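Q: Mind looking over this structure? Questions follow.
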Amino acid sequence: MNGSHSISIAVLTENQNDVELINSTLRGAGHAAHCHWIDAPARLADTLDEHRVELIILNTEAYRESIRQVVKQKDQYDPEVPVIALKDDVNEIAMHDAMRSGAVDLVSLGMKKRLTAVVSRELRALRAERALNSTIMSASSYKQQVRELMQASNAAIALVQEGIIVEANNAWVRLFKSASIEEVAGMPLMDSFDTENHAALKGALIATIQGKWQPREKLLAKPQIDAGESGPLELRFSRIDYDGAPCAQICIVPPDKSSQEPTKLVHDALKRDPTTLFFHRAQFLERLAKRLKKKPKSGLHVLAYIKIDNFKTIREKIGFIDSEEVLAQFSEIVRKRMHPRDVAGRFEGTSLMVLLERGSARDGQVWGQQLAKLVSQRPFEVGDKSTPLTCTVGICGMSDIFGSLEEFIAATVAAQEKGRAAGGNTAVLSEQADEDTKQREFDAIWVRHLRSALMDNRFGLAQLPIAGLRSDSVEMFDLLVRMIDEQGKSVLPSEFLPAAERNNMMKNIDRWMIKAAIDFCADNEADRVFVRLSRQSVVDGSTAAWMEQEFEKHKFDSSRLVAQIPEKDAARHIKQTQALVGALRKLGVGFALEHYGIDQEKFQILDMLKPDYVKIDGALMHSLMTDNELQDKVRRIVHGAQERDIRTIAERVENANAMAVLFQLGIDFMQGHYVHEPEVVLEDTDSGEYNTLASLQAAASGS
């Protein structure tokens with residue numbers, strides 16, 4: 001206590017000298033006391049009514065009312081105000097009687113220091129109590145305001161603490177068909193949504209509470225209402241403080257189906273097969289042809305042909321009518337594993353066809369393998385009948401060797417038939433592109449264009465940000481290569497890199513990338529840039545020495561560079577990789593193992609190579625949101641990396657649901673289209689269009 005705060009004190013005594021004594025005592029101790037002299041009970045009522053009294057000091061031997069009567073009177077105005085009793089002589093019995101009557105303490109008139117101590121103590125207690133009551137009232141008022149705002153909103157809103165709904169508005173009650181708000185409160189949030197969305201929901205809740213979830217993010221989750229009645233809902237998360245603790249506020253704006261024209265809904269329904277809900281064959285082929293005319297911004301188109309094994313046997317067991325329901329259930333599994341940009345159709349009979357956009361044809365094969373495994377592990381039930389089933393998936397990546405859509409589809413179907421002939425329940429990648437003599441002809445054309453681009457320095461650098469899930473303190477980029485044609489248009493790596501790899505030209509491209517990365521760092525504030533090295537650079541004994549020369553030439557801080565090598569190449573050439581990584585570490589270069597974990601958790605290679613980062617293969621992201629077994633696999637990878645002090649990066653993250661699951665699994669960083677589309681740099685012009693070999697040839701012929 002000090003004189004910075006004035007104390008309002010009511011002094012009850014018939015002797016004015018008591019007032020002066022108390023006033024001088026408190027001021028001498030540093031309290032700016034303002035004393036109100038009360039010499040009669042009637043004046044006490046007026047004083048309490050007019051002033052915010054913080055303390056009452058009562059001389060029990062010079063006032064006509066007892067302690068009990070004074071306490072009773074002041075309680076009518078402010079029960080919080082303490083009463084300190086004064087007496088000439090004080091003993092334990094007198095102190096007990098005074099406190100029993102309602103005084104907080106009994107002090108002798110001659111003990112000035114004790115009076116000061118008691119006054120200071122009681123003022124601290126009073127102000128703390130008032131502050132607490134004010135906080136409680138404010139919190140209560142805040143809670144009421146939150147409730148009122150929630151109820152006034154048309155959106156469904158719920159407040160969730162530690163996974164439990166603590167508040168919800170009427171719109172939430174109506175959306176989830178609950179009886180009342182009271183029924184919703186205390187209910188686990190997960191009970192309102194399908195099991196397949198639980199991992200993403202948990203991750204979003206954790207990220208929200210930790211301040212890592214951005215308000216603009218939307219998470220898709222299917223409500224656990226009546227089966228088949230509702231599609232996925234868009235959930236927005238934000239953090240608020242509620243009832244003294246952090247809380248996740250979830251807001252859902254239900255889709256406005258009334259705004260959709262009935263004729264449009266009918267027209268769309270006519271395009272789709274009623275059993276699978278995929279496009280009819282003609283509609284699918286039309287969309288397939290349109291999609292293939294435009295290259296994805298990264299990766300390539302991959303076609304999957306999916307067929308249930310031995311469907312005739314299933315039909316005999318289940319029946320002709322009910323077997324169609326089995327196909328419907330099977331199609332729903334396929335749908336759940338598709339990305340938003342994928343498109344599917346019922347191709348013929350019981351076969352389905354899906355056009356995927358993936359990083360590589362190998363990614364498509366992994367997608368098919370995961371689908372086949374999932375299907376084989378669950379029973380399909382119709383009424384009281386049940387049957388297991390398997391499927392075989394043919395996979396083919398789009399390539400210039402296919403002269404028509406017919407050839408592309410035929411190669412995909414042939415891959416499926418090959419898998420079926422081998423026993424089914426698998427995914428087979430078409431090898432036609434590798435075996436076809438056309439491939440060698442196209443490679444020869446690509447080699448000419450690649451040599452020309454290398455001589456003319458017609459390559460561009462694309463930067464792909466790597467975002468932190470735990471912290472944004474480190475700015476990192478994955479650097480990708482683009483070839484630039486004579487007209488200044490970008491050529492995607494999926495177009496020319498396979499040819500470069502087959503024709504031993506990757507080492508030259510790798511070295512161009514290293515030089516470009518040095519230039520990029522000179523013009524940007526990036527903390528780390530990741531540059532991939534091909535198998536050819538790994539086995540070339542001169543790679544590390546060449547890099548050292550470039551670093552010295554440009555006075556480059558090599559700690560900003562991270563060399564990344566695919567796990568498959570590193571495992572195949574383990575000695576050369578160890579030698580290269582060891583030499584690069586001496587230069588200060590970091591090391592990342594990419595495309596890790598697709599086959600199994602190979603912790604032995606982590607112990608041998610000791611990478612700074614592991615990039616978890618993007619193929620594992622395809623089904624991560626809904627596949628518990630896959631989530632456990634990634635969790636084991638993360639745990640194994642953490643034990644070895646290795647940072648983890650998830651590749652090809654496509655949406656907020658995947659990001660939420662990754663956060664919950666403990667991943668450190670992520671990259672992919674959800675974070676940012678690759679941005680081309682170091683080019684004078686970039687039209688945003690991408691060239692193919694056909695367009696390159698046409699341009700060359702024209703010139």
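The values are calculated or read from the model by the stated rules, or taken from the named source; none is laboratory data. Everything numeric in this text was worked out from a predicted model, so none of it was measured. Neighbour counts run over all protein chains shown; Cβ positions are idealised from the backbone, glycine included.
Q: Given the criteria closer than 27 Å to V614 by Cα, touching a strand residue (DSSP E or B) at 6+ places or on another chain (Cβ under 9 Å), touching a residue at least 24 places away in the same chain (Cβ under 8 Å) and β-branched (V, I, T), does V538 qualify?
A: Spelling it out, V538 is indeed closer than 27 Å to V614 by Cα, touching a strand residue (DSSP E or B) at 6+ places or on another chain (Cβ under 9 Å), touching a residue at least 24 places away in the same chain (Cβ under 8 Å) and β-branched (V, I, T).
Q: Return the residues of the stretch 337-346 that are buried (at least 16 other Cβ atoms within 10 Å of the Cβ) and either closer than 10 Å to L371 by Cα or touching a residue at least 40 places away in the same chain (Cβ under 8 Å) (or both); say none if nothing qualifies.
A: Within the stretch 337-346, R337, H339, V343, A344, G345, R346 meet the criteria.
Q: From (1) modelled with pLDDT under 85; (2) farther than 22 Å from E475 by Cα, pick out the condition that doesn't hold for E654.
A: For E654, the exception is condition (2).
Q: May I ask you to list the residues in the stretch 288-308 that are farther than 17 Å from E407 by Cα and not in a strand (DSSP E or B)?
A: Once the filter is applied, which keeps residues that are farther than 17 Å from E407 by Cα and not in a strand (DSSP E or B), the stretch 288-308 yields K294, K295, P296, K297, S298, G299.
Q: Hey, any hits in the stretch 395-402 for a residue that's modelled with pLDDT of 90 or more, of a type in the set (F, W, Y) and assigned by TED's automatic domain parsing to the domain that holds L303?
A: Looking through the stretch 395-402, none of the residues is modelled with pLDDT of 90 or more, of a type in the set (F, W, Y) and assigned by TED's automatic domain parsing to the domain that holds L303.
Q: Evaluate the following for V680: is it at pLDDT below 90, of a type in the set (V, I, T) and buried (at least 23 other Cβ atoms within 10 Å of the Cβ)?
A: When the stated conditions are applied, V680 does not pass them.
Q: To continue, here is another question. If you scan the stretch 371-401, which residues turn out to be among the β-branched types (V, I, T) and closer than 16 Å to G319 by Cβ?
A: Across the stretch 371-401, the qualifying residues are V382, T387.
Q: Being under 21 Å from G28 (Cα atoms) and within 59 Å of the chain's Cα centre (by Cα) is true for just one of V119, V81. Which residue is that?
A: The unique qualifying residue is V119.
Q: For T387, state whether it is buried (at least 18 other Cβ atoms within 10 Å of the Cβ) and not hydrophobic (A, V, I, L, M, F, W, C).
A: No, not satisfied.
Q: Here's something else I'd like to know. Inspect the stretch 601-612 for any residue being under 28 Å from N524 (Cα atoms), out of contact with any Lys or Arg (no Cβ under 8 Å at 6 or more places or on another chain), among the acidic types (D, E) and surrounded by 15 or more Cβ atoms within 10 Å (Cβ to Cβ) and give the result as yes or no.
A: Within the stretch 601-612, none of the residues are under 28 Å from N524 (Cα atoms), out of contact with any Lys or Arg (no Cβ under 8 Å at 6 or more places or on another chain), among the acidic types (D, E) and surrounded by 15 or more Cβ atoms within 10 Å (Cβ to Cβ).
Q: Residue by residue through the stretch 274-298, note down the ones that are within 29 Å of L464 (Cα to Cα) and exposed (fewer than 14 other Cβ atoms within 10 Å of the Cβ).
A: K290, K293, K294
Q: Going by the conditions given, is D627 at pLDDT below 95, closer than 25 Å to T543 by Cα, surrounded by 17 or more Cβ atoms within 10 Å (Cβ to Cβ) and out of contact with any Phe, Trp or Tyr (no Cβ under 8 Å at 6 or more places or on another chain)?
A: No.
Q: Mind listing just one residue for me: the one in the stretch 275-287 that is among the polar types (S, T, N, Q) and assigned to a loop (DSSP other than H, G, I, E, B) and, of those, nearest to E325 (Cα to Cα)?
A: Among them, the one singled out is T275.
Q: Starting from the stretch 179-197, take each residue that is assigned to a loop (DSSP other than H, G, I, E, B) and list its partners that are at pLDDT below 85, counting only C-beta distances under 6 angstrom and pairs at least six apart or across chains.
A: D194/Q224
Q: Can you spot a residue in the stretch 642-660 that is assigned to a loop (DSSP other than H, G, I, E, B), without any contact (Cβ under 8 Å) to a residue 60 or more places away in the chain, of a type in the set (V, I, T) and more than 23 Å from R236 (Cα to Cα)?
A: yes
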